[in-house]
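The values are calculated or read from the model by the stated rules, or taken from the named source; none is laboratory data. Please read these numbers as outputs of a predicted model, since none were measured by experiment. Here the Cβ positions follow ideal geometry from the backbone for every residue, glycine too, while neighbour counts run over all protein chains shown. Surface accessibility is based on the protein's heavy atoms, side chains included, excluding ligands, DNA and RNA. Shrake-Rupley method; radii C 1.70, N 1.55, O 1.52, S 1.80 Å.
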Amino acid sequence: MSSLAPGSSPAVARAEFDTLFAQLRTWGRWADAGRGAFGRVGPEQVRRAVELVRSGTVVAMGLPWNTVCGPDNRRPALHYMSDLGDVEPPEPATHKDFIGADYHGKGVSHLDALCHVAYDGRLYGGGEAGHLVGAAGARFGDVAALGPLVTRGVLLDLPAVQGADWLEPGQAVHAADLLAAEAAHGVRIGEGDALLVRTGRFRRRRRLGAWDADEAGAGLHVHAVPLLAERGIALLGADGDNDVRPSPVEGVHSPVHALAVAAMGVPLLDNLDLEALAAACAEAGRYAFLCVVAPLNVPGGTGSPVNPVAVL
């Protein structure tokens, strides 16, 4: 087993992880299995979330479209001009461009749909991944089935609670850390919430430069996930990819992805920029807000680039 970065311990045996996976499964809970834990959010949850809006401050959480190759952006997004006003007949001149991205990496803010992750060959709900996901896309759990989510968002700003600028790459977040952040912020994660966890990744990157976030990144330890299952969250997001890296589970490179998506049906938001939201929450003195996530409507898609919005 590869050595773990300080803080990412304790190591978790594969058998223990498999037991935890079985304990956290919610397969068969919702009539619309392809939406998974989004099924926790209905009109009443939306109304309650809207009532959280006070100042009307709007904070976007998506990263800028990143076309520059780097240690944490090995497959840069594409952007080029396809019309400089000289393709169509004149007046009015029109300018057009193309964008594209292999977005399931570390450089694009994106939503993971339920078909994105399989464990032991099975997607959320127990369907065989090999039969449900092919060259034409997914026939179950695609991002089009998820649709938009409007719910209460909760930010847990771990570096602020711990008196640090950021968590160091490889540092694991445990249930005790989440509970301490709840107490410090005066907020409690609840049913149907979108939980956002700030580790300070992008503050560190802007100050010290990029690093290989596949090799080392702050994020949740698998032992923190039962707390989130108990609270009944609908969505989990972070400024990393939610998993601590290196993984504490031998042979499972993204165990939190496996538990959240494949066991619990909880979609994930990866690579959010939570710096502005952390500042806005600190200024407002509250860490719950209206959260809006609107992925692209891509039939068969395993996820979508996304620019989530918090409204305080």
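Specify which residue in the list 267, 233, 252 is farthest towards the positive end of the charge dipole of the stretch 211-268, using unit charges on the beta carbon of Lys, Arg (+1) and Asp, Glu (-1), about the Cα centre.
Final value for the positive-end residue is 233.
Percent of accessible area on the chain owned by carbon and sulfur, 1.4 Å probe?
54
Determine how many Å³ per residue the convex hull of the Cα atoms of the chain encloses.
Taking the convex hull of the Cα positions in the chain, it is 156 Å³ per residue.
Is the shape of the stretch 235-312 best called rounded, prolate or oblate, per the rule: a/c under 1.5 gives rounded, else a/b larger than b/c gives prolate, else oblate, with a ≥ b ≥ c the square roots of the Cα gyration tensor eigenvalues?
oblate
Calculate, for residue 57 and residue 191, the FRET efficiency according to 1/(1 + (r/R0)^6) with r their C-beta to C-beta distance and R0 22 Å; round to the nearest 0.05.
E between residue 57 and residue 191, to the nearest 0.05, is 0.30.
What is the Rg over Rh value, at two decimals, for the stretch 110-233, using alpha-carbon atoms and the Kirkwood definition of Rh?
Answer for the stretch 110-233: 1.02.
Between residue 93 and residue 48, with labels modelled 7 Å along Cα→Cβ, what's the label distance in nm to one decimal, could you check?
Simple spin-label model gives 5.4 nm for this pair.
With a probe of 1.4 Å, find how much accessible area the stretch 81-137 has per residue, and write the answer as a whole number in Å².
On a per-residue basis, the stretch 81-137 sits at 56 Å².
Could you check the simple spin-label distance between residue 180 and residue 215, using points 7 Å along Cα→Cβ, in nm with one decimal?
2.8
Which values of log₁₀ I(q)/I(0), to two decimal places, follow from the Debye formula for the stretch 1-121 at q = 0.17, 0.20, 0.23 Å⁻¹ with a uniform point scatterer at every Cα?
-1.19, -1.18, -1.21
Roll a 1.4 Å probe over the protein chains and send me the accessible area per residue for the stretch 215-312 in Å².
Normalised by residue count, the accessible surface of the stretch 215-312 is 25 Å².
May I ask you to give the solvent-accessible area per residue for the stretch 159-208, in square angstrom, as obtained with a 1.4 angstrom probe?
Per-residue accessible area for the stretch 159-208 comes out at 43 Å².
At 222 nm, what value in deg cm²/dmol follows for the chain if DSSP H runs of at least 4 each add -39500 (n - 2.57) and the sum is divided by all its residues, to the nearest 500?
-5500 deg cm²/dmol
Between residue 284 and residue 78, what length comes free when the chain is fully extended (0.36 nm per residue of separation minus the Cα-Cα distance, one decimal in nm)?
70.5 nm
Cut-off 10 angstrom, C-alpha nodes, Gaussian network model of the chain. Which of 35, 206, 47 fluctuates the most?
Maximum among the listed residues: 206.
Any chance you could look up the accessible area of residue 189 with a 1.4 Å probe, heavy atoms only, rounded to 10 Å²?
Only protein atoms counted, so the area is about 0 Å².
Can you tell me the relative contact order of the stretch 181-312? Whole percent, Cα pairs under 8 Å, sequence separation 6 or more.
Once divided by the residue count of the stretch 181-312, the mean separation gives 24 percent.
Can you compute the charge dipole magnitude of the stretch 184-233 about its Cα centre, using +1 on each Lys and Arg Cβ and -1 on each Asp and Glu Cβ, nothing else charged? Give it in debye, rounded to the nearest 20.
That gives a dipole near 460 debye.
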